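Written below as structure tokens is the structure these notes are about.
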Amino acid sequence: MRRTRLTLDIVMGRNRRKANSVITVPRDPEYSTKQLSKGTWRDFERLFETHPAPGAYPCWCMHCHWRGPEAKNKGDSRAKLIERNRRDKKTLVKQGRSHGILVYAHGEPVGWCQYGPSQELPRIDNNPRYRKFAHGNGNERLWRITCFVVHKNFRCRGVAHIGLKAALAAIQNEGGGLVEAYPIKRWGAYQEWRGTASMFEKEGFQIVAPLGKSNVLMRRTILSCHQMCRLA
């Protein structure tokens with residue numbers, strides 16, 4: 001019991017140090033990152049047009065933007081629904097209402113990490129398990145990291161982790177706050193696109209509660225750059 005408590009104290013200490021640190025994306029000769037914007041929209045399209053992962057191309061990472069099931073008109077073809085998702089995503093990007101990180105390998109887009117404030121990504125609010133642990137502190141901004149896409153030729157190379165670190169750095173630059181995610185506990189479980197709990201643990205996230213059999217709710221607080229300067 002004493003050994004377990006000591007291990008927990010060490011982990012908690014590491015996580016506190018991570019919360020009080022400036023987040024940087026390691027320089028890598030092979031990979032680089034850019035934020036999703038009107039200027040990088042075509043790169044986002046190029047990645048998704050390669051059908052990089054099951055379900056990515058039809059969705060265009062719109063699933064978490066909806067509050068409920070996608071509205072479908074009777075008789076709409078699959079191709080029409082896909083095009084509508086692409087068009088809706090492009091509109092959100094133009095309006096500055098969709099955030100994400102593109103990961104590049106030698107200039108080619110090979111990975112994607114979606115993040116954003118809770119108002120942008122409200123889908124999880126409909127989950128009854130999540131509602132039991134919903135964040136109630138209105139003074140702290142709530143961010144969500146909801147989706148990862150990695151081209152099949154670049155999996156198991158740390159691409160998702162690079163996207164995650166870049167997303168956390170972007171959140172810190174945009175004022176920080178409480179960041180939550182809903183990853184899977186083991187690889188091969190449903191909703192692999194949520195990322196893995198072990199990857200988030202490496203970045204200081206802690207498990208708050210289970211979300212069904214495969215997923216967990218994880219959170220971490222990130223201080224803004226301004227707050228970091230005050231602590232220095």
Item to check | Cα-only radius of gyration and Dmax that characterise region 2-231, units Å | outcome: 17.8, 63
Checklist entry - Name the trypsin sites (Lys or Arg not before Pro) in region 107-161 that are in a loop by DSSP and that have at most 11 other C-beta atoms within 10 Å, would you? => result Lys132
Item to check | Radius, Kirkwood style, for region 137-193 when every pair of distinct Cα atoms is counted (Å) | outcome: 12.9 Å
Checklist outcome for this item: The size of the Cβ-based charge dipole (Lys, Arg +1; Asp, Glu -1) of region 2-231 about the Cα centre, to the nearest 20 debye, is 560 debye
Checklist outcome for this item: With a ≥ b ≥ c from the Cα gyration tensor eigenvalues, square-rooted, and the rule rounded for a/c under 1.5, otherwise prolate when a/b > b/c and oblate otherwise, region 105-232 is oblate
Item to check | Residues listed by number, region 48-68, amide nitrogen under 18 Å from Asp76 label point at 7 Å toward C-beta | outcome: 55-68
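Quick note: the coordinates plus some simple rules give every number you see, no bench work behind them. Everything numeric here is computed off the predicted structure, so don't read it as measured data. Note that we place each Cβ from the backbone using ideal geometry, even for glycine, and neighbour counts take in every protein chain shown.
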